[in-house]
1. Hey, can you tell me all the residues within region 85-106 that are free of Cβ contacts under 8 Å to residues at least 60 places away in the same chain and out of contact with any Pro (no Cβ under 8 Å at 6 or more places or on another chain)?
2. Which of the residues belonging to region 194-237 are polar (S, T, N, Q) and not in a helix (DSSP H, G or I)?
3. Given (1) in contact with a Leu (Cβ under 9 Å, 6 or more places away or on another chain); (2) within 20 Å of residue 34 (Cα to Cα), where does residue 113 come up short, assuming only one miss?
4. Return the residues of region 119-135 that are over 22 Å from the mean Cα position of the chain (by Cα) and not aliphatic (A, V, I, L, M); say none if nothing qualifies.
5. Residue check: is residue 143 more than 17 Å from the chain's Cα centre (by Cα) and of a type outside the set (D, E, K, R)?
6. Just checking, how many residues over region 164-212 are over 26 Å from residue 276 (Cα atoms), open to solvent by 50 Å² or more (accessible area, probe 1.4 Å) and among the aromatic types (Phe, Trp, Tyr)?
Amino acid sequence: MTDPDPLVEHVETPDRAATRAAEDAPTGSLAPRLLDYWLIVHRRTWRGTVLSSLLSPLLYVVAMGVVLGGFIEDDPARLEGAASYLAFVAPGLLSAQVMITAFGEMAWPVMGAVKWARTYEAMLASPLRVRDVVHGHLAFALSRIVLVSVVFTAVLVPFGVFATWWAPFAIIAAQVPLGLAFCAAVHAYTLTMLSESGMMLLFRVGMLPMFLFSGAFFPVANLPTVLEWLARVTPLWHGVDLTRMLAIGEVDVGLAFLHLSYLCAMAAAGVWIATRALERRMRT
């Protein structure tokens, strides 16, 4: 029996290279390693958003809830249990603001990251994987949504729109699945767009009709039957209805579970599609 040739032992065949790469590959999520990058990005841009984050909710509440609401007097039963139009519209405004923030965070910034600045491509040149990049960006967008929700809720507190002491905390928590559902869906949509032409469709056909007709400003029961049911299948209606029942302190447990299940399923589907879309895009 002869000894193995030491030169042959050190030759790295394709099979050995693949095995070594698999052994060296990280097993846990690397998304937290993107935290410093997103913090640097936010540190450079937060001054441009802080004023709108504070001023927008105040203007919305005063204009829509106080001024316009002063002309509206109706039976609480026709306002889905809210004692006044201000109490009715305020939760809707909060959920609508969460949707707008999600669209703003995941539409043009993602298009820039994947097409213009190629930030995603640079990230994937490191040991980061596609799912780490997707999860890291979604986590950053979700942190922005939580911050917006906290500020918006704090603005609403002095107006006395919450029926219970725990309502503000529950409402902020409810914006997390709502924001994640929108962020993941818009992320997935943007990653499938090869040009900017589809972005106008996203805002004009997707966001604007939901903003106006998903129950934020009036009960969807006021719509014709077909439009009412179309409104009830939109994610914003689920978020608005969940937020409103928490604000007025009349929680239907079964309906709340349905809302949360819908939003969580939408978020999971969006994350899955976004990950596959980015994988395909990086191969082309």
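The values are calculated or read from the model by the stated rules, or taken from the named source; none is laboratory data. From a predicted model like this one, the values you see are computed outputs, not experimental measurements. Neighbour counts are summed over all protein chains in view; Cβ atoms, including those assigned to glycine, are modelled from backbone coordinates with ideal geometry. In case anyone asks, the SASA skips ligands and DNA or RNA and just uses the protein heavy atoms, side chains included. Shrake-Rupley method; radii C 1.70, N 1.55, O 1.52, S 1.80 Å.
1. 85, 104, listed by residue number.
2. Those that are polar (S, T, N, Q) and not in a helix (DSSP H, G or I): 195, 214, 234.
3. Residue 113 satisfies every listed condition except (1).
4. Listed by number, the residues that qualify are 121, 126, 127.
5. For residue 143, the condition - more than 17 Å from the chain's Cα centre (by Cα) and of a type outside the set (D, E, K, R) - is not met.
6. Total satisfying the criteria: 3.
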